[in-house]
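The values are calculated or read from the model by the stated rules, or taken from the named source; none is laboratory data. Note that the structure is predicted; figures quoted are calculated from it, not measured. Positions of Cβ are backbone-derived with ideal geometry, glycine not excepted, and every protein chain shown enters the neighbour counts. With ligands, DNA and RNA removed, areas are computed over all heavy atoms of the protein, side chains included. Shrake-Rupley method; radii C 1.70, N 1.55, O 1.52, S 1.80 Å.
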Amino acid sequence: MKIEELNKIIRGCKKCRLSETRTNAICGEGNLNAKIMLIAQAPGEKEDIEGKMFVGPSGKVIDELLNEAGIKRDEIYMTNLIKCMLPKNRKPKQDEIEACSHYLNEEIKLINPKILAPLGYYATCYIFKKYNLPSPSKAEFSSIFGKLFLAEDKKILPLPHPATCLYNPEFKKDLIKSYRKLKVLLNDCKWYPVCPMKRFYEEGKLDKKWIELYCKGDWESCVRYQMEEKGEFHPDWMLPDGSLDERLKRR
Ligand code: SF4
């Protein structure tokens, strides 16, 4: 199936009760070859009326956050877990998620992004479940935003929903920090070509997760990277999380 065919089906969908209260079912938008897919919860009122992604108040926030991160909308693909507006911005119901998430699954197959960035609680829970990652409890939830997870052939970066800023402007600084990770993920670590981790990996001595999560992922959080930047000594057998792997020393 092509994306145009999928979008045609989405626009005419009547699989759940939300089709009765929407004006438009909103399809994903953006770069069809994107490395990053942002997955929001559902369209708001303005999106419902205009038939486009992120044109309402949350859209203004996301543009600001992407701008701060140095990312343009046309570099990424943006979509929703639920394609129709939730009346009075209520929470999505489980049967609505079940009815609609098939479209998101198809979009992931068609666009095939390397990085999925679910925004907020419901989109993150759905993506974690889909990729068999243990679901964090409600209390732990905010601590996973801005952290990178590895699952099958995808990297997952849960981010706070931009609407958080509308209700709690004091969280804006934290949101900017989390969204900046998107830019980090677009490029590999500049030290990778000469890093001992690359050598250990190519020699079959190091698990791939270290390379994917740090060297080709969130290199900014790598302890080796941080020490390299400060010109501080660190042994070759120090892993990206700062722990020492004595087995690498012996090899
Ligand atoms: S281990 Fe750290 S410093 Fe080395 S390439 Fe990976 S991210 Fe960069």
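Which of CYS27, CYS13, CYS125 moves most in a GNM of the chain, Cα contacts under 10 Å?
Comparing CYS27, CYS13, CYS125 in the GNM, the peak value goes to CYS13.
Which listed residue (ILE176, VAL194, THR124) has the Cα farthest towards the positive end of the charge dipole for the chain, taking +1 on Lys and Arg C-beta and -1 on Asp and Glu C-beta about the Cα centre?
Result: THR124, furthest along the dipole toward the positive end.
About its Cα centre, what dipole magnitude does the range 163-230 give when the only charges are +1 on Lys and Arg Cβ and -1 on Asp and Glu Cβ, stated in debye to the nearest 20?
Numbers: 15 positive and 11 negative charges, 20 e Å.
It comes to approximately 100 debye.
Kindly identify the range 47-116 as rounded, prolate or oblate by the Cα gyration tensor criterion: order the square roots of the eigenvalues as a ≥ b ≥ c, call it rounded if a/c is under 1.5, otherwise compare a/b with b/c, prolate if a/b is larger, else oblate. Display every interim value, and only then the final one.
Numbers: a/c = 2.25, a/b = 1.21, b/c = 1.85.
In terms of gyration-tensor shape, oblate.
Roughly what would the spin-label model give for LYS52 and HIS102, points 7 Å off Cα along C-beta, in nm?
Computed distance between label sites LYS52 and HIS102 equals 3.0 nm.
According to the square roots a ≥ b ≥ c of the eigenvalues of the Cα gyration tensor, what is the shape class of the range 1-152, taking rounded for a/c under 1.5, prolate for a/b larger than b/c otherwise, and oblate for the remainder?
rounded
Applying a 10 Å radius around every beta-carbon, put 127-138, 48-59 in order of their mean neighbour count, most first. Walk me through the numbers before you get to the answer.
On the way: 127-138: 13.9, 48-59: 18.7.
Order by mean packing, descending: 48-59, 127-138.
Here is the link list: LYS130/LYS216; LYS91/LYS208; LYS177/LYS205; LYS14/LYS154. Which ones come out longer than 32 Å on Cα distance? Write out the running numbers ahead of the final one.
Numbers: LYS130/LYS216 23 Å; LYS91/LYS208 38 Å; LYS177/LYS205 34 Å; LYS14/LYS154 30 Å.
With Cα atoms farther than 32 Å apart: LYS91/LYS208; LYS177/LYS205.
What accessible area per residue comes out for the range 183-251, rounded to a whole number of Å², with a 1.4 Å probe?
Value for the range 183-251: 59 Å² per residue.
Give me the accessible area per residue for the range 1-158, probe 1.4 Å, as a whole number in Å².
Per-residue accessible area for the range 1-158 comes out at 49 Å².
Of LYS181, LYS8, which has the most accessible area with a 1.4 Å probe, and how do the rest follow in descending order? If you can, show how the numbers build up before the last one.
On the way: LYS181 30, LYS8 155 Å².
The most accessible residue leads, giving LYS8, LYS181.
Sorted by mean Cβ packing within 10 Å, highest first, what order do the peptides 100-112, 35-47, 221-233 take?
Highest-to-lowest ranking by the protection proxy: 35-47, 100-112, 221-233.
How large is ³J(HN,Hα) for each residue in the range 18-27, as worked out from phi by the Karplus curve 6.51 cos²θ - 1.76 cosθ + 1.60 (θ = phi - 60°), to whole Hz, x for Gly and Pro?
5, 5, 7, 10, 8, 9, 10, 7, 9, 8
Heavy atoms only, probe 1.4 Å: what % of the accessible area of the chain goes to carbon and sulfur, would you let me know?
Numbers: 6670 of 13230 Å².
C and S fraction of accessible area: 50 percent.
If ILE176, ILE82 are ordered by their accessible area, calculated over protein heavy atoms with a 1.4 Å probe, which sequence runs from highest to lowest? Show your work: numbers first, answer last.
On the way: ILE176 25, ILE82 0 Å².
Heavy-atom accessible area, descending, gives ILE176, ILE82.
Which of the three applies to the range 1-73, rounded, prolate or oblate, going by the alpha-carbon gyration tensor with a ≥ b ≥ c and a/c under 1.5 meaning rounded?
Oblate.
So for the chain: antiparallel DSSP bridges make up what percent, rounded to the nearest 5?
Once the DSSP bridges in the chain are tallied, antiparallel ones form about 35 percent.
Between GLU20 and ALA139, what length in nm is gained on full extension when 0.36 nm per residue of separation is reduced by their alpha carbon distance?
Between GLU20 and ALA139, full extension yields 39.4 nm more.
Going 7 Å from the Cα of ASP236 along its beta-carbon direction, which residues of the range 190-204 have the amide nitrogen within less than 19 Å of the resulting point?
191-204
What does the charge add up to near LYS114, with Lys and Arg as +1, Asp and Glu as -1, over the other residues with Cβ less than 10 Å from its Cβ?
So the environment of LYS114 carries a net charge of +2.
Note down the net charge around ARG199, summing +1 for each Lys or Arg and -1 for each Asp or Glu among other residues with Cβ under 9 Å from its Cβ.
Result for the neighbourhood of ARG199: -1.
On full extension of the chain, what length is gained from LYS205 through ASP174, given 0.36 nm per residue of separation minus the C-alpha to C-alpha distance? Could the numbers behind the result be given before it?
On the way: separation 31, 0.36 × 31 = 11.16 nm, distance 3.67 nm.
Result for the pair: 7.5 nm of gain on full extension.
Taking H placed 1.01 Å from N in the peptide plane, check which residues at least 5 places from LEU38 or on another chain put their amide H under 5 Å from its amide H.
For LEU38, whose amide H was placed from the backbone, the distant partners under 5 Å are TYR77, MET78, THR79, ALA117.
What is the chain's relative contact order, in percent, from Cα pairs under 8 angstrom and six or more apart in sequence?
Reported relative contact order: 17 percent.
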